[in-house]
Each structure stands twice: as structure tokens, then as C-alpha cells.
Amino acid sequence: MKIINFREMYLTEMQELQSVEVQLSAAFSRMIKLANDDSLKQLLTKHLDETQSQLDQLDIMLKQHGADPDQHQDQSMKALVAESEEWVQMLDDATLRDAGLIASVQKIKHYQIAAYGTLACWAEHLSLNDDIETFLKFLDQSKALDGKLSALAKREINPDAL
């Protein structure tokens, strides 16, 4: 598929992010089962709910723009999820696994932060004000989880893993 204009590029990236959320719904469900620390489980469970909500909203947005939500599969997220699953499978110790889960989720969140920031910027150029608000909300949710994971890792998980 050739992209011939900025709007198509925007919609294609939004389809990619819809794929990201689909992949993360499944991945976070598995990660919650692997987590040992209750606070980590709670953070991941809350974010799984946010992920599902983001997925639902992306589906609505794509349909409003006349784009097929299932058009693309994000290969970068596929690789990040596979890497995180391989990583945590190497960690038998529960505290080490929790530290590894946090690192993996933060890599994923940083990817999403970049993507949502880009889409918010592109939506602004396309004068899609409702989309801007939605992407900025998603961006804030991703940044908030990243911050909470960092705090949990510094305060509890990493010292326990030592």
C-alpha cells in the first residue's frame, strides 16, 4: 500500500496504534498472571482497563474517519511483546521477574508515548480537535503509568530484587 497524503499517513498510524492496543490487551493479561507484587498487579490491571478503553475509542475514531480498524498490524509492538515475554520467561525468581516486567512495560509505554505524541501533533495539523484531545488523554495515561512504575521499581521492586 502506498500512502499518498498526510491524512492517509495519519490514519495508517492510527490503525497501527489500534493494533498496538489489541496486542497489549493480550500481553497485559499474561503479565498480570506473571506478576508477584500486589502493587504491580494492581497497576497492570488498572492499565489493562485503560488499554481496553483506548482500543474501544480508537475503533470508534477509525470508523468515524472511514478507516478499517483491522487494516494493519504493528510489527514493532509485536517484537516488543515477544521480547518482554522471552525476558520474563528467563526469570524464575518472582522479584526478578517483577523487575523485568516493569522494564518491559516501560519500553512498551515509551513506544506508545512517542506514537500518541506524534498522532496528537498530526491531528493538530489536520485540525482534528476531538482527536487531539483523545490522543493527549492517552498520552497522559501512558506517562502516568510510566511514572508509577518507576516509583514502584525504585521504592520496592528493585531493592527487593537485589
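Checking understanding here: applying a Kyte-Doolittle mean of at least -1.0 and a length along the axis of at least 27 Å (C-alpha), which whole DSSP H helices in the chain pass? Walk me through the numbers on the way to the answer.
On the way: long enough: 6-34 (41 Å, 0.04); 38-64 (39 Å, -0.74); 94-125 (46 Å, 0.16); 129-152 (35 Å, -0.26).
Flagged H segments are 6-34, 38-64, 94-125, 129-152.
Here is how the number arises for the chain: DSSP H runs of 4 or more residues each give -39500 (n - 2.57), the sum is divided by the residue count, and the result at 222 nm is -28000 deg cm²/dmol. Could you pull out the pairs from K46/K107; K41/K137; K63/K148; K78/K137; K33/K107 whose alpha carbons sit more than 29 Å apart here? Cα-Cα > 29 Å for K63/K148; rest within.
Return the FRET efficiency for the residue pair A151, Q42: r is the Cβ-Cβ distance, R0 is 22 Å, and the value is rounded to the nearest 0.05.
On the way: r = 13 Å, r/R0 = 0.60.
Calculated transfer efficiency: 0.95.
Between K143 and D130, the modelled labels are 2.5 nm apart [label points 7 Å from Cα along Cα→Cβ].
Counting 0.36 nm for each residue step from K107 to S76 and taking away their Cα separation leaves a gain of 10.0 nm. Extending 7 Å from the Cα toward the beta-carbon at both M9 and K33 defines two label points whose distance is 4.1 nm.
Rounded, prolate or oblate: which one fits region 67-162, using the alpha carbon gyration tensor with axes a ≥ b ≥ c (rounded when a/c is under 1.5, else prolate when a/b beats b/c, else oblate)? Don't skip to the answer; put the middle values down first.
Numbers: a/c = 4.30, a/b = 1.81, b/c = 2.37.
Because a/c hits 1.5 or more and a/b fails to exceed b/c, region 67-162 counts as oblate.
Note on P(r) over Cα pairs in 5 Å bins from 0, in percent: of the candidates (i) 1, 9, 18, 22, 23, 15, 8, 3, 1, 0, 0; (ii) 1, 7, 13, 14, 12, 9, 8, 8, 8, 7, 5, 4, 2, 1, 0; (iii) 2, 9, 18, 21, 18, 12, 9, 6, 3, 1, 0, the value calculated from this structure sits at (iii). For the pair T118 and Q89, the difference between a 0.36 nm per residue extended length and the Cα-Cα distance amounts to 7.2 nm.
No lab work stands behind these numbers, since they all come straight from the coordinates. All of these numbers come straight from a predicted model, not from anything done at the bench. Please note: Cβ atoms are built from the backbone with ideal geometry, for glycine as well, and neighbour counts cover all protein chains shown.
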